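Trainee: My structure is below; once you've seen it, I'll send some questions.
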Amino acid sequence: MAHIIDGKQFAANLRGKMTKQIASFKEQHDIVPGLAVVLVGEDPASQVYVRNKGKQATECGINSIEHKLEETTSEAFLLDLIADMNQDPAINGILVQLPLPKHIDADKVLNAIDPAKDVDGFHPINVGLLSTGGKGMIPCTPLGSLMMLQDYHGDLTGMNAVVVGRSNIVGKPMFNLLLQQSCTVTVAHSRTKNIEEVVREADIVVAAVGVPELVKGAWIKPGATVIDVGINRITTDEGKTKLVGDVEFDSAVEVAGAITPVPGGVGPMTIACLLYNTLVAACRHNNVEMPEA
Ligand code: NDP
């Protein structure tokens with residue numbers, strides 16, 4: 001039976017450490033890191049995410065600024081708001097909650113954020129810095145996944161990693177992060193042939209596909225570590241809804257050496273890493289080292 005990697009606990013520990021770091025940052029430099037979150041429209045899932053982000057930021061000692069805008073907000077208004085926040089020294093991180101209403105060009109908006117304040121790590125400059133090994137902002141979900149892998153394994157050098165999924169927000173940055181850690185990395189996707197055999201080669205499997213329970217226990221090499229990024233809401237035979245990952249947990253837990261559950265695995269780490277990125281950005285903006293915990 002696999003070791004269960006408890007993302008909820010890991011995220012709570014990380015937030016606890018950051019709370020101390022932020023307190024000493026404030027004490028030493030008289031600066032409170034600021035995170036601005038922009039929500040356009042009434043999407044219920046986005047409202048929950050934004051509320052959680054704001055609550056957790058505040059609990060850690062970050063100044064959380066929320067801009068809740070009408071669904072009808074124009075692209076020009078949003079771009080002006082971002083330009084103002086780019087100039088505001090009290091704001092270290094800017095996050096625009098996706099999806100945006102259809103009349104707004106999401107790429108144009110994300111690209112308008114100052115890369116040094118882009119705590120989501122989606123700006124092309126940060127994408128480039130990650131792939132060239134520079135000092136950019138790293139997307140939160142892959143960063144949280146890497147932190148859990150490093151905590152469990154220590155050094156990842158030489159391990160065979162397979163990332164299933166090649167999206168810009170998870171699969172590709174995960175590939176770059178694992179490559180930086182000197183893993184031998186394969187990226188599988190919807191056109192990959194014999195995907196089960198490809199996955200079976202992996203010491204580390206990261207599943208980010210958005211297909212409920214795609215990766216079966218029989219695909220996993222015995223003893224491998226499985227990071228399940230997927231969040232899928234399904235309806236059970238009894239008509240209830242529940243969250244499942246992209247990995248079939250019940251069969252995979254029998255074969256893997258370690259596995260993240262859904263919920264309670266990668267999900268909680270994503271918000272914790274957003275706060276982490278805000279602290280990193282605040283230190284860089286003020287040319288100071290990351291404080292000790
Ligand atoms: P995307 O839809 O952007 O990308 C999915 C990727 O999976 C694509 O590269 C696609 O391949 C590949 N894929 C789809 N079907 C198959 C298949 N049958 N076999 C192999 N590969 C396949 O998804 P995201 O990366 O945005 O998200 C992936 C999952 O992670 C989702 O469940 C999402 O909810 C979750 N997620 C969780 C987060 C968290 O905080 N835990 C944060 C972000 C996402 P191709 O390119 O060929 O189409």
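The values are calculated or read from the model by the stated rules, or taken from the named source; none is laboratory data. If you're wondering where the values come from, they're calculated on a predicted model, not measured in any experiment. Quick reminder, even Gly has a Cβ in these numbers, built from the backbone with ideal geometry, and neighbours come from all protein chains shown.
Trainee: Name the single residue that is farthest from the ligand (Cβ to nearest atom) among those in region 282-293 being part of a helix (DSSP H, G or I) and either farther than 19 Å from ALA116 by Cα or not small (Gly, Ala, Ser) (or both).
Mentor: Looking at residues that are part of a helix (DSSP H, G or I) and either farther than 19 Å from ALA116 by Cα or not small (Gly, Ala, Ser) (or both), I get HIS285.
Trainee: Can I ask one more? Looking only at region 150-162, count every residue that is assigned to a loop (DSSP other than H, G, I, E, B), surrounded by fewer than 20 Cβ atoms within 10 Å (Cβ to Cβ) and not hydroxyl-bearing (Ser, Thr, Tyr) and tell me the total.
Mentor: Filtering region 150-162 down to residues assigned to a loop (DSSP other than H, G, I, E, B) leaves 154-159.
Filter once more, keeping what is surrounded by fewer than 20 Cβ atoms within 10 Å (Cβ to Cβ): 154-155, 157-159.
Remaining after also requiring not hydroxyl-bearing (Ser, Thr, Tyr): 154-155, 158-159.
Number of matching residues: 4.
Trainee: I'd like to check which helices (runs of 4 or more DSSP H) are fully inside region 1-118 and have at least 1 residues that are among the basic types (Lys, Arg) and on the phi < 0 side of the Ramachandran plot.
Mentor: Those helices (runs of 4 or more DSSP H) span 7-29, 44-60, 106-112.
Trainee: When only residues in region 31-57 that are more than 28 Å from ASN286 (Cα to Cα) and either in contact with a His (Cβ under 6 Å, 6 or more places away or on another chain) or of a type outside the set (Asp, Glu) (or both) count, which is surrounded by the most Cβ atoms within 10 Å (Cβ to Cβ)?
Mentor: VAL40
Trainee: Looking only at region 250-281, count how many residues are over 12 Å from the mean Cα position of the chain (by Cα), within 16 Å of the ligand (Cβ to nearest atom) and surrounded by 22 or more Cβ atoms within 10 Å (Cβ to Cβ).
Mentor: 4
The rows are residues; the columns are (1) surrounded by fewer than 18 Cβ atoms within 10 Å (Cβ to Cβ); (2) under 26 Å from THR157 (Cα atoms); (3) modelled with pLDDT under 95.
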site	(1), (2), (3)
SER182	yes, yes, no
VAL185	no, yes, no
SER190	yes, no, no
LYS193	yes, no, no
GLY223	yes, yes, no
ASN232	yes, no, no
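Trainee: Still on this structure: Condition test on THR141, is it near the ligand (Cβ under 10 Å from one of its atoms) and either more than 23 Å from ASP6 (Cα to Cα) or at pLDDT below 95 (or both)?
Mentor: Answer is no for this residue.
Trainee: Is it true that some residue in region 15-26 is among the small types (Gly, Ala, Ser), within 20 Å of the chain's Cα centre (by Cα) and under 30 Å from ILE104 (Cα atoms)? Break it down into steps so the answer makes sense when it comes.
Mentor: The first filter runs over region 15-26 and keeps only residues among the small types (Gly, Ala, Ser), leaving 16, 23-24.
Pick out the ones that are also within 20 Å of the chain's Cα centre (by Cα) and you get 16.
Now drop any that are not under 30 Å from ILE104 (Cα atoms), which leaves none.
No: region 15-26 contains no residue that is among the small types (Gly, Ala, Ser), within 20 Å of the chain's Cα centre (by Cα) and under 30 Å from ILE104 (Cα atoms).
Trainee: Of the numbered conditions (1) in a loop (DSSP other than H, G, I, E, B); (2) within 11 Å of the ligand (Cβ to nearest atom); (3) farther than 27 Å from HIS123 by Cβ, GLU238 fails exactly one; give the number of that condition.
Mentor: Answer for GLU238: the failing condition is (2).
Trainee: Given the condition exposed (fewer than 15 other Cβ atoms within 10 Å of the Cβ) and either at pLDDT 95 or above or under 20 Å from the mean Cα position of the chain (by Cα) (or both), answer yes or no: does some residue in region 108-115 qualify?
Mentor: yes
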